[in-house]
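Worksheet for the structure shown next.
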Amino acid sequence: MEDFRRTYLRLCKEGGVEPQESVVAQLQENRTAQGSRLDLSGQSLSVDTCSVLARAFQKDITFTEVLLSDCMLSEEGGNNLRSAGAEVLGKLLACNKTLRRLVLEWNALGVWDEAFSLFCEGLASNSMLMELDLRNNQINHHGASELALALKRNTTLEVLDLRWNNIGLLGGRSLLEALQKNKSIVQLEMAGNNIPSDTLKALEQTTEHNSDRQSTLRESRSRTQVLTTEIQTLKDKKGRQVTLTLKHEIILILLGSTSIQIGRLQEALNERKSAVNSLTAKLQMTEAALALSEQKNHNMGELLTQVKVEKEEQWERQSRERKKEQEVREGKLLREVQNLSETNIQLKSKVEEMERRCKSQQHQIFELKQELTNNTAELKLRLAQAEDRLETEKRRSKQVLEDMDNLRQKEVEHVNRHLEESERTLQERIFKLEGQRIQLEEELIKAKALCVSERAQAEEELGRVRAQVRLEEQEHVSMLEEKLRSVRSSLQEVQHHCSQQKQTISELQAKTGQQSVEMDGLRRRIEELQQVRIFTLQLN
């Protein structure tokens, strides 16, 4: 451990890099503990420190485990991977022969389409990696299709974690198609990818099928290995017995016994081979059943499409017949509908005019608020300047003008009170204006709702008229006339309400004029106070 610490310090000195104190302290702790595990998590390592550590690991292999979590590493240091990092990882996977597990959680590999395709090409040509963690990498359906192409060629990857990406329906289907050809994936995590439940179930079934297949293959391989070892041991025993025995009778007896044992073992081996063959036959039967079920699903889909097409054709025929029958009936109704549509258009135009007027009123109110805020800010600034000047004057003439200062303070308090009262009144008036604006908006919403409800009622009545044309034509005409009267009355009410709003706006303008007059009076009062202060300064 002391050698690695010296190597790190020497390489820092050679490269002109300042040794990081936290790394040196951690190496010191490991030296006292005599451990082979280096924990640098949460150290915020720089790029220079990472390069020096890499060279030190090349020269002195001391640790069997290195933790670099939460180190705020850049792409050059090994985290926050982007397009360049994805390309380098693809090249690494294409040529690496020792890496078994790769964790790339919380990166953004899926954002870079070309770089991620290169990474998938490297994964396709890799023959040693068994576990791959790609959680939270922003992989979309394009990245999932590239990954599916890689899985079709890869034969060693067993565990794949794709949780919390954005794969979607198309990506799930492409992965399902790839897993039907891939026989090595036994564990696939797909939570948080907006994939339908039926696709997720199909993916789980394929992974379970692969795991069952690998378990049966492992059992068959273990059994065959045990049988071959037993046969080899028996053969070895037989050769030793032949070399050691001297009598011909004993040799014949041993040969007979060994031949019997070999026959028994051969029978057991044949039985196990038959069991393995039965298992493979069952697997083939299940695969054939799956293929048949898929073919049946495809045929059912085609039948459903045919039935839908036939239904659509029948519906089109019926609709054409109904249209031919109802052309004469709908001629009269179309005229009425046109009249109603014209009235609706007029109502919409009037509503739009009302909305424009309301917007103009809101704009005027906003301008008034801005003017009020600007005026209050100017008054506050002027009061602050006046108070500063009064303080300077008080310091200069404390003994001579105490009475004058008292009078000025009283006047300033009176002005402040008057300003506060004016601000309160202005705020109250603003609140009243806002309440009136809210009332106007509510009334507009009510008018819109009335228009929408009337339109819905008209549409319902038109549908009823179409269903019962022969029996209720006269009644429908009378109902339409009554509705037109009600619409006209509602229009008159809206116009009356608009006139009332105009009157309220004129009153508000008059009030703002009065407020401007009051503000002018306040400004004159402040100017008089300033003239009095100038006069007092001249006297001093």
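Points worth noting:
- Distance between modelled label sites at Q500 and R470, nm, 7 Å Cα→Cβ extension: 5.0 nm
- Across the stretch 82-93, computed HN-Hα scalar couplings (Karplus, 6.51 cos²θ - 1.76 cosθ + 1.60, θ = phi - 60°) run 10, 5, 5, x, 5, 5, 5, 5, x, 5, 4, 5 Hz from first to last residue, x flagging Gly and Pro.
- Packing rank of 217-230, 133-146, where each peptide gets the mean count of other beta carbons within 10 Å, highest leading: 133-146, 217-230
- Heavy atoms of R455 accessible to a 1.4 Å probe, total area in Å² rounded to 10: 120 Å²
- Residue-span extension gain [A377 to E459] - 0.36 nm each, minus C-alpha spacing: 23.9 nm
- Amide H to amide H distances under 5 Å link L81 with A108, where only residues 5 or more positions off or on other chains count and H is placed in the peptide plane.
- Phi angles across the stretch 163-177 convert, under the Karplus curve 6.51 cos²θ - 1.76 cosθ + 1.60 with θ = phi - 60°, into 3J(HN,Hα) values of 6, 6, 10, 10, 6, x, 5, 5, x, x, 5, 5, 5, 5, 5 Hz, Gly and Pro given as x.
- Close amide H contacts of I139 (hydrogens built in the peptide plane, cut-off under 5 Å, sequence separation of 5 or more or a different chain): G110, N166.
The values are calculated or read from the model by the stated rules, or taken from the named source; none is laboratory data. Note that the coordinates shown come from a computational prediction; the quantities given were computed from them, not determined experimentally. Neighbour counts run over all protein chains shown; Cβ positions are idealised from the backbone, glycine included. Note: accessible area is taken over every heavy atom of the protein model, side chains too, but ligands, DNA and RNA are not part of it. Shrake-Rupley method; radii C 1.70, N 1.55, O 1.52, S 1.80 Å.
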